[in-house]
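For reference, the structure discussed in these notes is given below.
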Amino acid sequence: MSTTRRTLPRPRAVGRGAAAAVTAALVGAAGLVSAGTTATAATTTTVAGTATTTTAAAAVTPPPVNADFDYQIGAPYTPASGVKVVSRDHTASPAAGLYNICYVNAFQAQPGTESEWGDLLLRDAQGKVVYDPDWDEAFLDIRTAAKRQRIADKVNAWTDDCAAKGFNAVEPDNLDSFTRTSLISEANAKAFVKLLSAHAHDKGLAIAQKNTPQLSTSRSETGLDFAVAEECGEWEECGDYTEGYGDNVIAIEYKKAAFDAACTQWGKRLSIVLRDVYVTAPGSGTYVRKSC
């Protein structure tokens, strides 16, 4: 499987979102359960095209499959009629009555926040902070167990806010950071995201694999429940995500041709949306949103 290559500027959240599990009864009443509520996270099975995880821990519910989705991490706004699933930044509030996913930048520091991370920023052999060459964000140093835990404590505090606000799931971004620096390994990324998934499950939240299609079949190592994939149609990677998650894949495209191709091949199975690259709100002048 290939590594997702995003050629456009990656959307960056402006607001904060929060995620908390809604009870199975509430989710079911709203028609949001895709293949049933699932428990968290040790054994992986596939039910009716939806990858699920089970243990004796608290139940979590992944997003409904093939549901109308809106990606609002740039700015929250009233979803269009028919939308069932929304992703918002962890500073925002959830959309009433919908399945809400909470976005957090988990593996890199938001621009301008480097001072908040101190010695947890990744540094090279000369002691200089290492920045993502594509997105100009400082990498977080997840190379040791001690630092992974300290970073997770900070990220998990955002997840706690998500849970308190009433979101259903969390979307930790930049799992694929290890593909953009040789100083971080795939094993580092898996170990770190496993800390995040365990905490999310403890809070009753499902948790997404963001991009990184080559990890979709490593769920026993990551503890993740569903996928949020940018440009899987553009790079013909949507099938890579379904290998691990069945139909529980949300795809965001930023080019009309790629969106059309994804809808043709996957539109009856996956949640697919076309968005403007800065994921703006209606009235911005650059706003684009269309679903299959």
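Couple of notes before you dig in:
- Within the stretch 137-175, the set of residues being assigned to a loop (DSSP other than H, G, I, E, B), over 21 Å from A229 (Cα atoms) and without any contact (Cβ under 8 Å) to a residue 60 or more places away in the chain comprises D141, I142, R143, T144.
- Restricting the stretch 237-268 to residues that are closer than 26 Å to A206 by Cβ and out of contact with any strand residue (DSSP E or B) (no Cβ under 8 Å at 6 or more places or on another chain), the residue that is most open to solvent (accessible area, probe 1.4 Å): K268
- Positions within the stretch 103-128 being of a type in the set (A, V, I, L, M) and more than 12 Å from T181 (Cα to Cα), in sequence order: V104, A106, A109, L120, L121, A125
- Any chance A109 is modelled with pLDDT of 95 or more, more than 20 Å from I250 (Cα to Cα) and more than 20 Å from the chain's Cα centre (by Cα): no
Table: residues versus (1) farther than 24 Å from L224 by Cβ; (2) hydroxyl-bearing (S, T, Y).
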| position | (1), (2) |
| --- | --- |
| A251 | no, no |
| Y254 | no, yes |
| A261 | yes, no |
| W266 | no, no |
| S271 | no, yes |
| V277 | yes, no |
| T280 | yes, yes |
| G285 | yes, no |
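- The single residue among A75, A57, A138 that is open to solvent by 10 Å² or more (accessible area, probe 1.4 Å) and modelled with pLDDT of 95 or more turns out to be A75.
- Subset tally (residues that are in contact with a strand residue (DSSP E or B) (Cβ under 9 Å, 6 or more places away or on another chain) and among the basic types (K, R)) for the stretch 130-147: 1
- Filter result for L195 (open to solvent by 10 Å² or more (accessible area, probe 1.4 Å), modelled with pLDDT of 95 or more, closer than 20 Å to E221 by Cα and not polar (S, T, N, Q)): yes
- Pairs, first within 20 Å of K194 (Cβ to Cβ) and touching a residue at least 24 places away in the same chain (Cβ under 8 Å) in the stretch 225-243, second charged (D, E, K, R) and not in a loop (DSSP other than H, G, I, E, B), C-beta under 7 Å, six or more apart: V228/E171; V228/K210
- Boolean, T222 is buried (at least 20 other Cβ atoms within 10 Å of the Cβ), over 17 Å from the mean Cα position of the chain (by Cα) and closer than 28 Å to C162 by Cα: no
- Here A96, A187 are screened, and the one residue that is within 21 Å of the chain's Cα centre (by Cα), within 17 Å of N211 (Cα to Cα) and free of Cβ contacts under 8 Å to residues at least 24 places away in the same chain is A187.
- Applying the condition of being touching a Phe, Trp or Tyr at 6+ places or on another chain (Cβ under 6 Å) and among the small types (G, A, S) to the stretch 269-292 and asking which residue is least open to solvent (accessible area, probe 1.4 Å) yields S271.
The values are calculated or read from the model by the stated rules, or taken from the named source; none is laboratory data. Please read all numbers here as calculations on a predicted model, not as lab measurements. Neighbour counts run over all protein chains shown; Cβ positions are idealised from the backbone, glycine included. Surface areas here come from the heavy atoms of the whole protein model, side chains and all, with no ligands, DNA or RNA. Shrake-Rupley method; radii C 1.70, N 1.55, O 1.52, S 1.80 Å.
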